């Protein structure tokens, strides 16, 4: 027994663009042949992109995707096996892995466990598979599974290792990123490897798709749970590693747990199909350089996710340039930095729109940031427009006090100006609101929420500050002016306004929001955690009563384990009022 | 054997408002006792409202809903059985029907078939049930099932009738409305009755919930497939009917199909649990008046759905008054009529906002309609604000031609004025765009799409005209001025503009949209149906490239079998471009 060379093509697929994705796979096949890989694996549904959503309800879409897989299979040589994520159609459709060799598809694995929680809707689309699959490639026995399948300790990967004696468990994934997921995933995969005494080769999609970001970080782990190779996070990569088959046999002789285990029969999952591929074991190959990409720090990880999510949303939608309303505050400052990293300074346009209550430091700080980043800014003061609105509304508003109406008016004038620039020059408007604001509804619909992509939609305010600090640290200089960090946050829509007029301090707010929005804890629970009852009730009320606003927000990248959007599906019309009695 | 008196409480529940829903059920129990019903049934998930969505992920919500069911069970007397839709929790949660009698829950049925297509996400929330249930109430054997369950010919209702000898199949539903569904549903239920030689008692929810409308029309059908009683459509109702048990026996003796059938065992669905309830068969009861509500015409049905959906969205969200931008066009005219029928003329405010390209007939027609409906209107001309915007933008726009930017600017000024009125007076803005516009993106984001509820979002333009005609017919006079029907549709955002400058004629457009959006047909298919290829490609391109706009729309009532929103989940970032090559 020798070694088995495995390659993982961590590609950035585009949902729906079957031809672009087909080319990426073709390129991966070529690279794999160059490095002499025995097997190359591509992510889950790489042909359609992930998630294809209701494109899967179009028969002609499925037909095109099948033609692409057939074309790719014809390109797989006789000295290589390719595992390609695709839709398998046979009267019904399956989330599948086509195993191709020597010009044809030799086996198809169908995903067993279809996730239907969080952001996932796979039971809307697919029928589940019932058979595990082991491909015998020379001496190596390779078990195939798809994403969710390997998250179950007794699932297809288990049956393949135990019932099919697989040495290597190949798992093709499209696993969306959230903070902290990487460590959790790597730990789980290492345990699967050691539990099954099998190597794990995990290939993950990379790239942004609407609100989801796929983080790559593909892995090869040996049967001892050691990470042999890791792909880069948030970038395309091509990972190659040699798996020591005799090492696996040695481990299995030393660790007899597998002998004690028995396959409990009685459900379809325990059926393992073995497919043998004719193989020349004697091929000579040059040694390879194995890449073990380092993992990023928690803040760097989020920053990279936001950059990738923003870049892919803009570029995959056929745009290049963006425009941002720069207020001199921390949110628009960070958004601008992310945009510059995602798109290049030449593609980012800043607009400073001073109004009746803007401070001098606001445009100074915005201007300083623009200079530091090397982007151009426009000045569009809103005062005259604002006055004309007030004059027009005067006959109707006469006798009524000033209130939030006039504040929202200023925000909507700014939104309208940004959209006018967007229309005239084809720039996408990036909105700058953060998750704390989105949660509490501390924002103006069609005002500061107007735009095509909401970069910080899932980033709590306290994390916004950390990310902004990271920007300056990364640059080794003050890109975002220090005053932006130290001045009290304010929308500057009335005299001497600060966010804390209406909101609790952000440290408290974000902790309550995390428990209420992400953790689904009750008001009572959160009070028991030590927070002031009136504050908790007020925050819960703000969150519940601003659901209608969030429904009209632009999409924005998911970075927490529970983002607004597909991840958190609450009714707008909602009579469950835990906060009642106080608000 | 005698008769069995069944009552169906067709109530309008509010999602999340457990206490309000509990009271509705309490009231239904009282009414049922008054009419001497043996059994009263309430809709699916009546306690939580339907669909409760991610409220189901909150343990304290489930706890409260359970407490409400326990309370209700205590109120059920010894001479009645109640079937109440609720969440059943036992380590995991189930979509359930609690069967209550004499102060306690005597059995719980758990829904087998959890719909996860279209607007449904039940596999996100519930574990499926595995047992069918027949309740023996004196001489009557009553099978229980929930909504989707009875849409399967060989499902729990079948097992209950065949294996459990049920005479009556009670199905509790929360079945969302779309055009044509009623006839389909009644036909299916009649066939279930005759196939199983059992009476069917079907209780459906009524009311609007965000984008869904539940249409009521609860039914009692005898074993011959004859409709004995029908609840009103789009209104609360309380339906009572007597079921002739001996008639069922007679039918079964005459039609021996059941004897030929055998129960194919081997899956959990065929397990029928029989629960017997002690019963006094000798009770005397007064005769009842059975109500058989007529069904509405197709156009009346949609109109009623829109009125109910609008009223419930506004009222259930704690609001009373709305404001509408009245352009003198057919869409805003119809929207205003619906609003008046939903909320009363005193709660509807019209705003006429003439701009540089508005015709005289526009405000005249809007004014005439307002007079006919008895609503007040405001005049807010936009010209001065528009000019001030242009002056402010002049330094940036200098040297660039006028284009859609200036058109959108006018629309956004109007949106901002409406929102200012909304903020100042607490009126919800109703948007007036129709489905043809929403499909093609022929609308301005943050302009005419700005608002809280989009009444015509799912109504194609050709149907808008029919509904508007219906308004005048219903009133027996010209409510909507005749000129509104005859003038060419125009947004009036530039000189001599009409919709047909950019769109094909609405008869053609709506036919293509129906095939493309609702039918998921390919461009090729639609061309084969006889439409001009360039037109079809252009329409498909417009639909695909305006997905980002629709994501930021207000909710609006679903009336077709495929509405935008939860019903049609397409990615924004989408490289599947069937229309490519032309646009």
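Some points to look at:
- Relative contact order [Cα under 8 Å, 6+ residues apart], region B:298-496, whole percent: 27 percent
- Distances between every pair of Cα atoms in region A:404-449, grouped in 10 Å steps from 0 to the bin holding the largest one, split as 28, 48, 22, 1 percent.
- Label spacing, shortest first and in nm, from residue A:381 to its equivalents in the remaining copies (7 angstrom along Cα→Cβ): 2.7
- Across peptide B:203-211, the average count of Cβ atoms from other chains found within 10 Å of a residue's Cβ is 2.
- Proxy reagent accessibility, fewest Cβ within 10 Å first, across A:205, B:29: B:29, A:205
- The protein assembly as shown - share of DSSP beta bridges that are antiparallel (%, nearest 5): 55 percent
- Peptides A:483-492, A:385-394, B:362-371 ordered by packing proxy, namely the average of other Cβ atoms within 10 Å per residue, highest first: B:362-371, A:385-394, A:483-492.
- Principal axis dimensions, region A:128-266 - Cα atoms, whole angstrom, descending: 46, 33, 28
- Between residue A:394 and residue B:400, the modelled label-to-label distance comes to 3.2 nm, taking each label 7 Å out from Cα in the direction of the beta carbon.
- Unit Cα scatterers, Debye sum, the protein assembly as shown: log10 I(q)/I(0) for q = 0.05, 0.09 Å⁻¹: -0.37, -1.20
- Centre separation in Å (Cα based) which lies between region A:487-505 and region A:70-96: 57 Å
- In degrees, nearest ten, helix A:298-316 long axis to first principal axis of chain A (Cα): 90 degrees
- Here region B:284-308 is scanned for amide nitrogen atoms under 15 Å from the site 7 Å beyond the Cα of residue B:473 along Cα-to-Cβ, giving B:296-304.
- For a paramagnetic label modelled on residue A:276 (point 7 Å from Cα along Cα→Cβ), amide N atoms under 14 Å away belong, within region A:99-135, to A:135.
- Shielding value for A:287-299 is 0, the average number of Cβ atoms from other chains within 10 Å of each residue's Cβ.
- Each of residue A:361 and residue A:254 was given a label point 7 Å from its Cα along the Cα-to-Cβ line. The distance between the two points is 6.2 nm.
- Rg [Å, one decimal], Dmax [Å, integer] - region B:276-382, C-alpha atoms: 22.1, 79
- The fraction of Cα-Cα pairs per 10 angstrom bin, counted from 0 for region A:193-351, comes to 9, 23, 25, 18, 14, 8, 2 percent, rounded to whole percents.
- Ascending list, in nanometres, of distances separating the residue B:400 label from those of the other copies (7 Å, Cα toward Cβ): 3.3
- Between helix B:245-254 and chain B there is an angle of about 80 degrees, using the helix long axis and the longest principal axis of the Cα atoms.
- Residue A:533 versus residue A:30: modelled label distance in nm, points set 7 Å from Cα along the beta carbon direction: 6.9 nm
- Between the C-alpha center of region B:427-471 and that of region A:382-420 there is a gap of 26 Å.
- Alpha-carbon centroids, region A:514-583 and region A:1-48: separation in whole Å: 42 Å
- For the listed peptides B:271-280, B:206-215, a ranking on the average number of other beta carbons within 10 Å per residue, highest first, reads B:206-215, B:271-280.
- Taking the longest Cα principal axis of chain A as reference, the axis of helix A:59-74 is set at about 50 degrees.
- Our summary gives chain A a relative contact order of 12 percent, counting only alpha carbon pairs under 8 angstrom and 6 or more residues apart.
- Here the Kirkwood formula puts the hydrodynamic radius of region A:298-499 at 17.1 Å, using every distinct Cα pair.
- Within region B:521-562, the ratio Rg/Rh, alpha carbon atoms throughout and Rh by Kirkwood, equals 1.08.
- For region A:298-499, share of DSSP beta bridges that run antiparallel, in % to the nearest 5: 0 percent
- Rg over Rh [alpha-carbon atoms, Kirkwood Rh] for chain A: 1.03
- As a rough footprinting exposure proxy, the listed residues A:465, B:313 were ranked by other beta carbons within 10 Å of their own, and the order from fewest upward is A:465, B:313.
- Shielding by other protein chains, B:399-406, mean Cβ within 10 Å: 2
- Here chain B carries DSSP beta bridges of which approximately 55% are antiparallel, counting only pairs with both residues inside.
- Between this copy and the others, label points of residue B:3 are 8.6 nm apart in ascending order, each placed 7 angstrom from Cα in the Cβ direction.
- Chain A, helix-only ellipticity at 222 nm - DSSP H runs n ≥ 4, -39,500 (n - 2.57), divided by all residues, nearest 500: -11000 deg cm²/dmol
- If you bin all the Cα-Cα distances of region B:445-583 at 10 Å, starting from zero, the percentages per bin are 10, 34, 39, 15, 2, 0.
All of the numbers you see were taken from the coordinates with simple rules; none came from a lab. Just so you know, these numbers come straight off a predicted model, no measurement behind them. Note: ideal-geometry Cβ built from the backbone for every residue, glycine included; neighbour counts use all protein chains shown.
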